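Peer 1: Below you'll find the structure I mean.
Every number here is computed from the coordinates shown, using simple stated rules; none is lab data. These figures come from a predicted structure and were not determined experimentally. All Cβ positions, glycine included, derive from the backbone under ideal geometry; neighbour counts span all protein chains shown.
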Amino acid sequence: MHPAYSVILFTTASGAGYGLLALLGLTGMSHGQASSIAFGVAAMIVSLGLITAGLLSSTFHLGHPERAWRALSQWRTSWLSREGVVAVLAFGPALFFGLVWSGLLEAPTLIAPLGALSVVLAVITVFCTGKIYSSLATIRAWNNGLTVPVYLVFGLSTGASLLAALTALFGNLPAFLVYLSCLLLALTLALKLAYWRSIDSAPRTHTIEAATGLGRIGRVSQWEVPHTSANYVQTEMGYAVARKHARKLRRLVVLALCLAIGLMLAALVAPLAAVLAALVALVAAVVERWLFFAEAQHVVTLFYGARAA
Amino acid sequence: MTEPFVNTSPRTWDEVKTTTCYMCACRCGIRVHLKDGRVTYIDGNPAHPVNKGVICGKGAAGIMQHYSPARLSKPLLRVGERGSGDFREIEWEEALGLATQWLSEVRAKDPRKLAFFTGRDQSQGLTGWWATQFGTPNYAAHGGFCSVNMAAAGLYTFGGSFWEFGEPDWKHTRYFMLFGVAEDHASNPIKKALGQLKERGAKIVSINPIRTGYSAIADEWIGIRPGTDGLFVGALIHEIVSAQRIDGDYLLRYTNSPWLIIENPGGEDDGLFARNAQGSALIWDGHSSSPMPALSPDAAPKLMGRYKLPDGRRVVTAFTLIAERFLEPEWAPENIAARCGVPAETIRRIAAELVRTAFEEEIALDVPWTDHLGRYHEKMIGRPVSMHAMRGISAHSNGFQTCRTIHLLQILLGTIDVPGGFRYKPPFPKPAPPGVKPAGKPGQVKPNTPLPGPPLGFVAAPADLLVDAEGRPQRIDKAYSWDAPLAAHGLMHMVITNAAKKDPYGIDVLFMYMANMSWNSAMNVPDTIGYLTQKEPDGSYTIPKIIYSDAYASEMVHYADLILPDTTYLERWDCVSLLDRPISEADGPADSIRQPVTEPDRDVRPFQTVLLDIGARLGLPGMTRNDGSPRYPGGYPDYIVNHERAPGIGPLAGFRGANGRAQGRGAPNPDQLQAYIANGCHWFHELPDHMKYYRHVNWAYLDWATFFGFIARPDPVIHQLYCEPLQKFRLAARGHGSIVPPAGHRQRIADHFDPIPFWYAPFEGELVAAEQYPLHAVTQRPMAMYHSWGSQNAWLRQILGRNWLYMARELAARHGIADDDWVTVTSHHGRIKAQARLMDGVNPETVWTWNAIGKRSGAWNLAPGADESKQGFLLNHLISELLPEREGGYRYSNSDPVTGQAAWYDLRVRIEKAGDQQPASEPQFAALKTLAGAS
Amino acid sequence: MTSLPSPSAKKLGLVIDLDTCVGCQACATSCKEWNTQGYSAPLNDVNAYGSNPSGTWLNRIHGYEVEEAGQAQRRIVNFPRSCLHCEEPACVTVCPTGASYKRAEDGIVLVNPETCIGCKLCSWACPYGAREYDQNDGVMKKCTLCVDRIYNDNLEPDDRLPACVKACPTGARHFGDLGDPDSAVSQLVAERGGYDLLPEMGYKPVNKYLPPRPRRDGATSRPEALPKPDGSAFDRLFAWADRLLSTGKTPARAADIDNSGKLEG
């Protein structure tokens, strides 16, 4: 699949933003109001900023962004529509939560319920994002039980890293948050490795013989493409990354996640290392997401000569 | 939820006009849909006899051809050097004045110094007549590099031919053999027919080195080695003759098989038909044991035997000689197999299948008819075996004899114009060969005087040749000389070379229409460009003036001096005439017109109208009235309606006479074009059932055809299995007669003018070292492109924007070549670089590519560096228009020695993986300037 | 909208005969031509006269090589590919806007160009590559089964066919109601063993493909050859020719002819 930067940016940024939001909601539920208005405002700006930037970026790849509102209508069948609906639904409570949690609005009793609501909606939004991909039977690498967990855990781990970085910048990084971030980053790494193992070992059940139906005669191979220049289907769905290159990038993701964990642990002694850790974790998320697309083979490639998908 | 409203009855047009397609040479009927004067949609006309409603990939893309940005928009006059692309836009008056001035100078001095060649012309009825009126013999269209081997072999054998002059009986045939057709313009009729054959379960056998397109759906594919089809067919003949499974009745009645041939070795009449005092050929009557005229109704001719005539001459029947040849063991399948790459058991099986289908699946239509001798036949007996062949046979230097071999096979099986066989399309059959002779002998070409006859015709004896007393060619292309005696269509591929070499003489004006002679229509492109730009010591061009008419900015436009921009096919009148290349069906004659469905938005004029205008300005007799005014002031449509070739016979056969009801023959009808338009722009006359078969000998048909002016007399067209005209040339080569070939030509004539079909190896393969050039290289015609025209078409060039060099996997493996490697292809003449693609369905000794995809950068208004020029390539650069030097240093053209047909497919090459894997084809030519005149 | 309607009785679709398709591109250009001025027009082109020209096409023709049992060489099969108007079209259900829908009346799958936001998700959901994004218009385009032809009152009844079907010179494309077991197309599918593409994906395509028939060549036909009698072939032929005259009938079998080929004169 063609790795479109708008979509990569959208899913990583909004994932981190929702992860951060969920953790802030949990913080509000457990600790009440933010330690300072400045910290509260900064954290909410980062969270909602990433979510907003992500959502805006997602409209960049639309042919008709001005019609984006229509995407809210088909929640009965479409995970994309559901994602849009939940994202819109989440925005109000999240903003309200930010106002009361940061102390801009004095309503301590609302912090916990709004926090809880934000947590739930943030998680559902990322869940929907994951489902958009995992529900596509046409793409084996996405149509996988680990797709949604990976989306969720990436959101949480990058969100936690961002929270750690923010608290460090405000000089009050708790050790607990370091351990939580490390745990989530490690879980991310574990799930991603499991995901890769899963997609690498999953049998390619669809064949060029079944796609063309010519398997009833014998083995099939492509002779002539329909048109001599690549068409939309080939550039959008036929994108393929070189195996060697993919391996290199996978190693980069693993290294970046390990580095993020290391840096996060270093924050125990030098708190500002958490900022670096968060940045490295975000880089890992972007590279992972690029690979998520680039490594995914679409069934339609069978018609263009792939043996199996 | 409700579904959105969909307008399921939009009216996307406000007008529909019928006309005739020009996206290839099939000339299907189309319906052009227009909205506010703009073409919006083109589909097939269901009422049209050629395509019956279907349309092909090209035809439906005609809209993009019509709106191509490569269209020329105004007359151009060259101001820079040839090839520089520096032109000045001029007005039509200046253009026509210049053309008239150049041409009138030539006509007043020596009309031969005009070479008028018209490429993919569909108006040869007009252009040939114009040349006649001008007085130059140097006229032809593109047939010489296309199909003249087919046309001549058929016309000299049975008075018809493959392609436009006949077609298989698609409705009844059960076994169809298809030899190498050009799938771009053997389009809808064959496609429709293949679908029909599939539906009926008829067997389709394709003989083609490449298994794409039609071959891909054939029931059996024979991946033959190029140029060896004659061997394959000869082996089939060997088989069926050996087993006596041939149609004896058919041979006796309708062919010259029983005709008596004089056996007088060394004599001047050796090999000629024994004739009586009245000139009639003789047969040996079995009842009386004496010779009788061939067409005696009461005779019982002997098919085989040697006899002594009462006057003492020894004679033999033609069939005896044919049988003696093909019974030779050299024709046995096992002795042929290795050379043509077809296993002997396959040849034997196909021979058996042919025989089984022809004789055990005999058809008998309940249609009584009477033959030329007045014999009444209760039924029309059919043998459902049919064949079709084209470029794959034609484009070899042995193509004429190979095609004759195929016709021999058809006729031995009794399958010409019988139910299930190969059928004539009226106006064919014509006499074999047709009677018209080429004009242009010494003394026939005079200043300011028309030729006494048409420049193209059919020579039947050396006396018909256009040579001087020393045997030198009289035409610029050397057609009808000893180089190419039966050159029925001329040799367009030799004009530029010969003119530049002044061999046989230099010319003053080269006038061409719709022929991309500086690119894909030329053999040897680099040298051709050199000839077009070659200068004399005084700095003038060797070919002093070049006038060119085309609708589009093709590569050729850049090398002309005066450009007359033509319209697109949707902007003009045309007639597809029975006097030219007919669109008839086997069931009856048909012709058609084009009408302008939209007005040009550029300052362009239809070439045919321009030609008539120039003719009138030159004062050509047929084109002016006695007072000097133009005879056809209304241009081409005026000519179409009012021109008469013979009394009552004009370009269009339908809706003639004052009331518009006459067919074939009738006074000009001023409302004729309107009548055509009302009838969907075509006319078709279905023959009654008793005239639909056996027309070469069908009394009723021959009478009718005589009335229609198709033939001069209702004489039967007896199939000339033994081709006496060839023997006359052979006798001349042996020194007999007053017109004999110069010494250097004699052996070649003697060797190739065999009156009985035979096979010889294609010339190029014989002249170059096989170990150096072990492979064959040929092109195939992509169905969605017609010659070079498709690449300017925004849709078609997406389908095929570049080409690859295809080869068999085993061949590639031998050379260490993988898919998409760049390879060099080297011939004795040149070298190209191209990208390889591997496949299975190709003869293992053959490499191939799609025809005419490669473009010169800058041509056709494509962006420089377009795929066609960067990765695309032509095989033309590898092909020499001249054969390597032979004895005496003379270089014959790379053509069939009988007809002069260009031998494109004789090409021999070797391949290597290129050292330079840069993704660009070679050679790359300097980019042409985008023409200012292109809109 | 993107909820699928209850299955329609009428299932309009195409049946494509791979035994007859010569790969001529008539269906592709006719489709492009009609649809660039029909429903959801135009079908745009990019770099139309430059390098890498590409455009929006609703029908594309592939060429495949297929190995065959008993055959030394692979055969080439031409393979037109367009929307199959599936009964379970995920391209419809994933659409977030409702622009993609399956008609309740006849099962045709359409995209409403007025409401499509161009998110491309439907093209990801389609295993058949049937949907092409038009980058000039910013909406998804696909085969409409010429919904604006097949019901078009302004066309002659004989012309109310999808443009590709009407164009197809070999008659390899058939249009009809595959929901009606008695329709000509259903009969054809039954006779010729028409099949679904990627049936295991569960999209239930309506369009069917008819498989190429087995070849009838040396690998599949019974070996046969004409009789090869002993002795001189010429003499036998001569005898046969001689007998032609006496009986006036042809062809005679060689075996029972007495070999007496004597030349006269």
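Peer 1: By average Cβ neighbour count within 10 Å, what is the ranking of B:787-799, C:145-157, B:733-745 from highest down?
Peer 2: Sorting B:787-799, C:145-157, B:733-745 by mean packing, highest first, produces B:787-799, C:145-157, B:733-745.
Peer 1: I would also like to ask the following. Once you mark the GluC sites (Glu not before Pro) that are in a DSSP loop and have at most 10 other Cβ atoms within 10 Å, what is the longest gap between them in chain B?
Peer 2: B:1-377
Peer 1: State, in angstrom, two size descriptors of segment C:114-252 derived from its alpha carbons: Rg to one decimal place and Dmax to the nearest whole number.
Peer 2: For segment C:114-252, the Cα-based Rg and Dmax read 27.8, 86 Å.
Peer 1: Taking each pair of different alpha-carbon atoms in chain B once, compute 1/r for the pair, average those values, and report the inverse of that mean as the Kirkwood hydrodynamic radius in Å to one decimal.
Peer 2: Answer for chain B: a Kirkwood hydrodynamic radius of 28.4 Å.
Peer 1: Give the aspartates and glutamates whose C-alpha is closer than 12 Å to that of residue C:102, dropping any in the same chain fewer than 8 places away, or say none.
Peer 2: B:3, C:87, C:88
Peer 1: Say R0 is 56 Å: what FRET efficiency, to the nearest 0.05, do residue B:810 and residue B:627 get from their beta-carbon distance?
Peer 2: 0.15
Peer 1: Sticking with this one: Ordered by residue, what ³J(HN,Hα) values in Hz, to whole numbers, does segment B:848-859 give under the Karplus form 6.51 cos²θ - 1.76 cosθ + 1.60, where θ = phi - 60° and Gly and Pro are x?
Peer 2: 8, 8, 6, 6, 6, 7, x, 10, 7, 4, x, 6
Peer 1: Any chance you could tell me what percent of the C-alpha pair distances in segment B:162-427 go past 31 Å?
Peer 2: Percent of Cα pairs beyond 31 Å in segment B:162-427: 30.
Peer 1: Using a Debye calculation, one point per C-alpha and no hydration shell, please list log10 I(q)/I(0) for segment B:763-913 at q = 0.17, 0.21 Å⁻¹ in order.
Peer 2: -1.00, -1.30
Peer 1: Right, next: So if R0 is 51 Å, what FRET efficiency would residue B:277 and residue B:364 give, r being the distance between their Cβ atoms, rounded to the nearest 0.05?
Peer 2: 0.80
Peer 1: Strictly over 23 Å apart at the Cα level, which of B:58/B:545; B:171/B:203; B:191/C:166 would you flag in this model?
Peer 2: B:58/B:545
Peer 1: Which log10 I(q)/I(0) values does the protein assembly as shown give at q = 0.05, 0.06, 0.08, 0.09 Å⁻¹ under the Debye formula, counting every alpha carbon as one identical point scatterer?
Peer 2: -0.46, -0.64, -1.03, -1.24
Peer 1: Less than 16 Å apart at the alpha-carbon level, and either on another chain or at least 8 residues along: which aspartates and glutamates does that give for residue B:17?
Peer 2: Within the straight-line cut-off, residue B:17 pairs with B:36, B:43, B:571, B:574, B:599, C:156, C:159.
Peer 1: Oh, and also: What are the ³J(HN,Hα) values, in whole Hz, obtained from phi via the Karplus relation 6.51 cos²θ - 1.76 cosθ + 1.60 with θ = phi - 60°, for each residue of segment B:351-364 in sequence order, with x given for Gly and Pro?
Peer 2: Once θ is set to phi - 60°, the couplings for segment B:351-364 become 4, 5, 5, 4, 5, 4, 5, 5, 9, 8, 10, 3, 9, 10 Hz.
Peer 1: Let me see the pair-distance distribution of segment C:61-117: every alpha carbon pair, 5 Å bin width, integer percents in order.
Peer 2: 4, 16, 17, 14, 10, 9, 10, 8, 7, 4, 1
Peer 1: Sticking with this one: What is the average number of partner chain Cβ atoms found within 10 Å of a Cβ in C:110-123?
Peer 2: Rounded to a whole number, the mean comes out at 6.
Peer 1: Given N residues in segment C:12-210, what is Rg(Cα) / (2.2 N^0.38 Å)?
Peer 2: Relative to the 2.2 N^0.38 Å estimate, segment C:12-210 comes out at 1.03.
Peer 1: In terms of modelled amide H atoms, which long-range or inter-chain residues lie less than 5 Å from the amide H of residue B:776?
Peer 2: Excluding prolines and chain starts, which carry no amide H, the hits are B:846, B:847, B:909.
Peer 1: Amide H to amide H, which residues 5 or more places from residue B:893 or on other chains are under 5 Å from it, using H placed in the peptide plane?
Peer 2: Correct list: B:883.
Peer 1: Short version: ³J(HN,Hα) in whole Hz for each residue of segment A:248-262, in order, from phi by Karplus 6.51 cos²θ - 1.76 cosθ + 1.60 (θ = phi - 60°), x for Gly and Pro, what are they?
Peer 2: Karplus values, whole Hz, x for Gly and Pro: 4, 5, 4, 4, 4, 4, 4, 4, 5, 5, 5, 4, 4, 4, x.
Peer 1: Hey, can you grab everything whose amide H is under 5 Å from the amide H of residue B:575? Only 5+ residues off in sequence or another chain; H modelled, so Pro and N-termini drop out.
Peer 2: B:594
Peer 1: Give me the lysines in straight-line cross-link reach of residue B:74: C-alpha distance below 17 Å, same-chain residues under 8 apart excluded.
Peer 2: Answer for residue B:74, where 17 Å is the Cα cut-off: B:929, listed by chain and number.
Peer 1: Just the projected area, averaged over all directions, of the convex hull on the alpha carbon atoms of segment A:5-304: how many nm²?
Peer 2: 17.3 nm²
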